[in-house]
1. Determine which lysines satisfy two conditions relative to B:Lys127: a Cα distance under 30 Å, and not lying fewer than 8 residues away in the same chain.
2. Less than 23 Å apart at the alpha-carbon level, and either on another chain or at least 8 residues along: which lysines does that give for A:Lys5?
3. Taking the Cα centre of segment B:203-252 as origin and charging only Cβ (+1 Lys, Arg; -1 Asp, Glu), how large is the dipole, in debye to the nearest 20?
4. Can you compute the modelled spin-label distance between A:Asn439 and A:Asp326, with each label point 7 Å from Cα toward Cβ, in nm?
5. Using a cut-off of 18 Å between alpha-carbon atoms, which lysines can reach A:Lys88, once sequence neighbours fewer than 8 places away in the same chain are excluded?
6. Percent relative contact order of segment A:103-186, based on C-alpha pairs within less than 8 angstrom and at least six residues apart?
7. Can you tally the net charge around A:Arg273? Count Lys and Arg as +1, Asp and Glu as -1, for every other residue whose Cβ sits under 14 Å from the Cβ of A:Arg273.
8. Which whole-Hz ³J(HN,Hα) couplings does segment A:142-158 yield from phi under the Karplus relation 6.51 cos²θ - 1.76 cosθ + 1.60, θ = phi - 60°, glycine and proline marked x?
Amino acid sequence: MDSEKKDIREWYQTAFADFENTLNGGASLPFHAVRKKAIARFAELGFPSTRNEDWKYTNVAPLLKHQFQPVTEAPDIAAESLAPFLFKGLDADRLVFVNGVYSEALSSVSNLPDGIILDTLENAFTTHAETVTQALGKTVSYEDETFSALNTAFARTGVFLSVPAGVVLERPLYILHVSKTDGREFLAAPRNLFLFGDNSQARLVEGHYNLDGGTSFKNSVTEISVGAGALVEHIRIQDESKEAFHFATTQVEQATGSNYTSVAIDLGGTLVRNNLNVHLAEERCEAHLIGFYFGSGRQLIDNHTMIDHAVPNCESNELYKGILDDRAHGVFNGKVMVRPDAQKTNAFQQNQAILLSDDAHIDSKPQLEIFADDVKCSHGATVGELDDESLFYLRARGIGEQEAHAMLRLAFARDIFNYIKIDAVRERLEELVVERFNNKA
Amino acid sequence: MLSIKNLHVSVEDTEILKGVNLEVKPGEIHAIMGPNGSGKSTFANVLAGREEYEVTDGEVTYLGQDLLDMAPEERAREGVFLAFQYPVEIPGVSTSHFMKTALNAIREHRGEEQLDAMQFLKLAREKMQLIEMDEKFLHRSVNDGFSGGEKKRNEIFQMAVLEPKLAILDETDSGLDIDALRIVANGVNKLRSSDNAFIVVTHYQRLLNYIVPDYVHVLVDGRIVESGDKNLALRLEEQGYDWVKDNDAVTA
Ligand SMILES: Nc1ncnc2c1ncn2[C@@H]1O[C@H](COP(=O)(O)OP(=O)(O)OP(=O)(O)O)[C@@H](O)[C@H]1O
Ligand SMILES: [Mg+2]
C-alpha cells in the first residue's frame, strides 16, 4: 500500500478522536458505539484502488491529497444568500444545512400532518431513540464499504423523516445543503433516514450547493424505506463547487406495490461518486432511476446504480444521460440483478452520453445478471455528438451558435427533466443547466 | 439584392456547382428547376451558410455584403431564409420556443424590442391561421413526428413569422396535396412585396401556377443551362430536361 493512503487513513483516525471530543452528550448515546466500530472498520478497509472492480474507472487519489477536517460548527450565512437555490414559486418545507450542520434560522417548516416526524437525526437520536436505533444502518452497513464506514464514523446529523401509513405530504420537503468553506477544507457526513409508511406519499428535493468555490468533502448516506403502496419522488440536485468531492450512497428498500422515483442531476464537483441501490424486496414494485449530468473541465462524475430484483413481478426503469466537455470523465455502472425467483421482471436500462470534445470520455458498463428465465430485460448505451443538421437548422433561423448548442443540449436532457413533476423545480433546473451550458459553450 | 458570380462548390472533393451566375432584384421571383442531383439543394444550402459545402471559387453579394463571409445566423438575421427540402426533426425543442428564440434574435439584430411570451404567442397564432395549421403544432417538438406535408407547412409558418427579405424555398411543394399547395402558395404570396425576393426550387409547374415566377432557370450538372420566363417551366413540364441538357452554361 502506498504511504499516502496509509497517512491519510491515519489522518481520519486521528480526526475521529478530535471529533469524539466535540460530541459532548452525543458520545454517550448508543450510536456512538457504532461510530467507533465504523472507524475501526474504516481503518481495516482503507481507500479503494482502481484494482477494486467497483472503482475501476474512478481513481480516488485526488481525494487522498487533502486533509479534510470534520465540521463541528458552520459559518453564519445570510438568508439572502440562499436565494439562488430556492425555487421561485415552490411551496415547500425546508431544512437547511450549512457545511453539514443544521441551521434552524434558515429552515422553515409548516404544521405537518399529524404523526409525521421530521427532525434532525441528532435530535432523533434522543427523541426517537428506539425507531432510529432499529432502522439506522439496517440497509447500509459500515462493514462492507469504506465510504459508508467513514460516513458512519463521522455521522453527526442529517434528516430523520417518518411518514405514517396513509399520510400524504402535500408540500414537497426541500433539504438544502449549502457549503461555504472560507478556505477551510471540511468533511461533512450527512446521514439521512427516511421511513415512508404504507400508502404514504411524499416528494423530496435534495439540493447540494456551494457559495464560495472552495474545496470540501461531502460523504453522505441516505437510507430510504418505502412502505407497501407508497409513492415517493426523490429529486437530487448536486451543484457543488468545481473543487468539491461529493460521495453519496442512497439505499432504497421497497415493499409491495410501492413506487419510487429518483431523479439525480449532477452539475458540480471535481470528483463525484453516487451509489444508488434499490432493493425490490416485495412484489409489484416500480422503480425509476433517472439521471442527468454535465461535466466540463476535469470533472469526474460517476454514477453507480444497482437494482436488485429479488422477487417476481417488479418493474425497473433506468435512464441516465450525460454531456461531457473538455477533459471531463463520466462513469455509468448500471447493475441489474434478477434473482432466480424474480420471474416476470421488467427491467429497462438506457444510458446515453454526448461528448463535446475529443478529450472527454465516458466509461459505461451495463451489468445485467439475470438468473430467472421469464423476464423482459433490455439495456442500451449510446455515445454521440450533437447533431450538425439540427445545429444548422437552428442557426439558419437566426439563433446564435452558442444558444443553438444550449438548446440542443437541453433538448437531449428534456426527457430526464420531464420526470420532475414539480414545475418550479423543473423550470429552475432547466435554466440552471442552460446557464452552465453557456458558461462553457 | 443578390448577385452570384461564377459560384463553384465542392462536397468532399467532388465539384457540384460548376460556375453558377444569378442576379436577383427586390420584388422578383426566380424559379430553379432541374433534374435530381443537379445541385439545386446544394445551391440553396450554400446560400444559407451550410458549412459542409466548400466554396472553391466565385462570389456572392447580398445587400452589398459578402454573403459567403457570414455565419448562417448572421445571414438569417439579415433576412435570408431557407425552407429546407428535408426539415430536421428536433425532439425536445418546442416549435414555439424555437421560433420565439429565432424571432427575438432577428429582432435584436434589427434593434427592435424583444417579444415576450404573450406577444409572441399572439403573432404565432396569426401566422398559424394564415397557413391553416393547428395551433397545437406550436407546442410540439420541432417537426418531431410531423408528416411530410406538415413539415413543409411548418417551413412556411417559420417564413411567415420571420418575414425574410430573401426566401429560398427548396422543393417546398413536394409532398403537398392540392389544398396544402394552395395554402403554401398563399403564404408566399402574402409575404410578397416589392422589397423582397424569392428563389423557388421546384420540379413541378403546379406550384408555379400559384406563384408566378419572373424568371425560370434550369440547373443541370451544376450549371444554369437555360433561363427564360414562366413559359420555360411549361415547356420543361411537357418536354423534360433532355433538350436543355447539352446547352452550355448561360448567365442568368
Ligand atoms: N453532403 C453531401 N455529401 C456528399 N455528396 C453530396 C452531399 N450533398 C449533396 N451531394 C451530392 O451532390 C449532388 C447534388 O445534390 P443536390 O442535393 O444539390 O441535388 P438536387 O438538385 O437538390 O437534387 P433533388 O432534385 O433530388 O433534390 C448529388 O450528386 C448529391 O449526391
Ligand atoms: Mg434537392
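Rule-based calculations on the coordinates, nothing more; no lab input. Since we're looking at a predicted model, the values are computed, not measured. So basically every Cβ, Gly included, is an ideal-geometry build from the backbone, and we count neighbours across all protein chains shown.
1. B:Lys25, B:Lys40, B:Lys100, B:Lys136, B:Lys151, B:Lys152, B:Lys165, B:Lys190, B:Lys230
2. A:Lys36, A:Lys37, A:Lys56, A:Lys65, A:Lys218
3. Details: 5 positive and 9 negative charges, 35 e Å.
Dipole magnitude for segment B:203-252 comes out near 180 debye.
4. Going from the A:Asn439 label point to the A:Asp326 one covers 0.9 nm.
5. By straight Cα distance, A:Lys88 reaches A:Lys421.
6. Reported relative contact order: 40 percent.
7. On the way: positive: A:Lys56, A:Lys218, A:Arg236; negative: A:Asp54, A:Glu145, A:Glu240, A:Asp266, A:Asp302, A:Asp363.
Residues near A:Arg273 contribute -3 overall.
8. For segment A:142-158, the Karplus-derived couplings read 6, 5, 8, 8, 4, 6, 5, 5, 5, 4, 4, 4, 9, 5, 10, 8, x Hz, x marking Gly and Pro.
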